[in-house]
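Written out below as structure tokens is the structure these notes cover.
The values are calculated or read from the model by the stated rules, or taken from the named source; none is laboratory data. Remember, it's a predicted structure, so these values are computed and weren't measured experimentally. With ideal geometry, Cβ positions are generated from the backbone for all residues, glycine too; neighbour counts draw on all protein chains shown. Ligands, DNA and RNA are stripped out before the accessible areas are found, and what is left, the full protein with its side chains, is counted by its heavy atoms. Shrake-Rupley method; radii C 1.70, N 1.55, O 1.52, S 1.80 Å.
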Amino acid sequence: MTHRERFIKTLKCEPIGGQVPTFELVYFLTMEKLGKVHPSHRFYEQWNQMSYQERSLHMDEMAQIYVDVARAYDHSAIFVHPNPNDVENTQWLLELIREKSGDEYYIMMHGDPTWAIPDGDTMMDFSVKMFEEPESLNEQTKIRLDRSIKKAQKLDDLGHLHDGYTLCSDYCFNTNPFYSPEQFDEFVVPYLKETIAEYRKMGYYTIKHTDGNIMPILKQMADCKPDAFHSLDPQGGVSIPEVRKIIGEDIALIGNVNCGLLQTGTIEECRGDILRSLREGMATGRGYVFATSNCVYTGLDLARYEMMIDLWKQYGNYDDYERNFGNGGTFA
């Protein structure tokens, strides 16, 4: 199977055998690894003034960076940050990635119209609006949703160039969700459910991302029927076995390696957490993608991430699970 095929079977929670898929929502260390700036940082204010040749060179480099990172770490999927983020240039970037990699990788993009945690400047106003103007807030959400679906449809009409959407609105702090369960039902659930359903009608898979403590709203998110959850943040107290108890085994799980430990923990702590994540994620024999609990962000030690990948290569094979993680699930 190709990486893409293995990733899709994992999203469907079908047994795959062999190596567990891996990828990162973002890999920001491209300068250190490849000597090139990550594509998401390249906002070209003079894009419209560039010649076609200059644009072509920039686009080709961005596409090559995505493919080179996937090849360097044996990732099964590529999360694309279209830049510039309009339909025409997104199509161009996706076509270049496919041209360079064929159907080897699952390709996804952001596409979440639901409300994330407001920033510090707007949090108070947003909170007041939930109580005083709920109808207005929901009307805004409907507009955002309609805009997202229309954009997805326009892109789809140009060719089915990618495989899915990752819904990246964060709902949770490490302690608790920003929304109460009742607020989440009113302001997020109907629109999250409709977004997922509309993407599915077009033939796209959906991964719901949110950091932090998702446990109080996990069942509500699961009822919206995404294909997978990312990032299963242990810094927010999220445990793979506990998530499985609540949602069952028909939604895939992605992530759970503690980013905080990767950055500040000892080598022994990092190693132990990486192996724990593999053991717990692989326990059912299906429906798990190995990844960090956030992304490979700027400031993370490259050597730590590469240690994580080395351990995945050594211990992330379903066929060797009993030998590596036997004895009641304790690493041997």
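Listed here are the residues, each with its yes/no results for (1) touching a Lys or Arg at 6+ places or on another chain (Cβ under 8 Å); (2) under 22 Å from GLY237 (Cα atoms); (3) open to solvent by less than 10 Å² (accessible area, probe 1.4 Å).
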position: MET124; (1), (2), (3): no, no, no
position: PRO134; (1), (2), (3): no, no, no
position: LYS151; (1), (2), (3): no, no, no
position: THR206; (1), (2), (3): yes, no, yes
position: MET215; (1), (2), (3): no, yes, no
position: ALA222; (1), (2), (3): no, yes, no
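Taking ILE254, is it of a type outside the set (Gly, Ala, Ser) and part of a helix (DSSP H, G or I)? Spell out the reasoning first.
Values: of a type outside the set (Gly, Ala, Ser): yes; part of a helix (DSSP H, G or I): no.
Spelling it out, it is not the case that ILE254 is of a type outside the set (Gly, Ala, Ser) and part of a helix (DSSP H, G or I).
Going through the range 230-247 one residue at a time, which ones are among the acidic types (Asp, Glu) and open to solvent by 30 Å² or more (accessible area, probe 1.4 Å)? Listed by number, the list holds a single entry, GLU242. Scanning the range 264-303 for residues that are within 20 Å of the chain's Cα centre (by Cα) and polar (S, T, N, Q), we see that the one that is surrounded by the fewest Cβ atoms within 10 Å (Cβ to Cβ) is THR298.
Quick check, is LEU261 open to solvent by less than 30 Å² (accessible area, probe 1.4 Å), farther than 20 Å from ASP223 by Cβ and of a type in the set (A, V, I, L, M, F, W, C)? Judged against the criteria, LEU261 is not a match. The residue pairs whose first member lies in the range 57-69 and is part of a helix (DSSP H, G or I) and at pLDDT below 95, whose second member is among the β-branched types (Val, Ile, Thr) and surrounded by fewer than 20 Cβ atoms within 10 Å (Cβ to Cβ), and whose beta carbons are closer than 8 Å, counting only pairs six or more residues apart or on different chains, do not exist in this structure.
Would you call ILE97 more than 13 Å from PHE23 (Cβ to Cβ), touching a Lys or Arg at 6+ places or on another chain (Cβ under 6 Å), in contact (Cβ under 8 Å) with a residue 24 or more places away in the chain and part of a helix (DSSP H, G or I)? Criteria not met by ILE97.
Can you find even one residue in the range 63-73 that is more than 27 Å from GLN314 (Cα to Cα) and open to solvent by 20 Å² or more (accessible area, probe 1.4 Å)? Spell out how you get there, then give the answer.
Just the residues of the range 63-73 that are more than 27 Å from GLN314 (Cα to Cα), to begin with: 63-64.
Filter once more, so that each one left must be open to solvent by 20 Å² or more (accessible area, probe 1.4 Å): 64.
Taking every residue of the range 63-73 in turn, at least one turns out to be more than 27 Å from GLN314 (Cα to Cα) and open to solvent by 20 Å² or more (accessible area, probe 1.4 Å).
Any chance the range 174-186 includes a residue that's among the charged types (D, E, K, R), closer than 21 Å to ARG147 by Cα and without any contact (Cβ under 8 Å) to a residue 12 or more places away in the chain? So far as the range 174-186 goes, no, none of its residues is among the charged types (D, E, K, R), closer than 21 Å to ARG147 by Cα and without any contact (Cβ under 8 Å) to a residue 12 or more places away in the chain.
Suppose we keep only residues that are polar (S, T, N, Q) and either in a helix (DSSP H, G or I) or open to solvent by 60 Å² or more (accessible area, probe 1.4 Å) (or both) within the range 21-44. Which one would you say is modelled with the highest pLDDT?
THR30
Please tell me if LEU167 is aliphatic (A, V, I, L, M), surrounded by 14 or more Cβ atoms within 10 Å (Cβ to Cβ), in contact with a Lys or Arg (Cβ under 7 Å, 6 or more places away or on another chain) and closer than 24 Å to ASP211 by Cα.
Details: aliphatic (A, V, I, L, M): yes; surrounded by 14 or more Cβ atoms within 10 Å (Cβ to Cβ): yes; in contact with a Lys or Arg (Cβ under 7 Å, 6 or more places away or on another chain): yes; closer than 24 Å to ASP211 by Cα: yes.
Taking the combined requirement at face value, the residue satisfies it.
Test ALA332 against the stated conditions and say whether it is more than 27 Å from PRO39 (Cα to Cα), of a type in the set (A, V, I, L, M, F, W, C) and at pLDDT below 95. Yes.
Can you find a residue in the range 200-215 that is on the phi > 0 side of the Ramachandran plot and either in a loop (DSSP other than H, G, I, E, B) or at pLDDT below 95 (or both)? Break it down into steps so the answer makes sense when it comes.
Here is the first cut: in the range 200-215, the residues on the phi > 0 side of the Ramachandran plot are 203, 212.
Imposing the further condition that a residue be either in a loop (DSSP other than H, G, I, E, B) or at pLDDT below 95 (or both) reduces the set to 203, 212.
So far as the range 200-215 goes, yes, one or more of its residues are on the phi > 0 side of the Ramachandran plot and either in a loop (DSSP other than H, G, I, E, B) or at pLDDT below 95 (or both).
Being assigned to a strand (DSSP E or B), touching an Asp or Glu at 6+ places or on another chain (Cβ under 6 Å) and touching a residue at least 24 places away in the same chain (Cβ under 8 Å) is not true of THR284. Consider the range 82-115 and keep the residues that are among the polar types (S, T, N, Q) and surrounded by 19 or more Cβ atoms within 10 Å (Cβ to Cβ). The one that is farthest from the chain's Cα centre (by Cα) is SER101.
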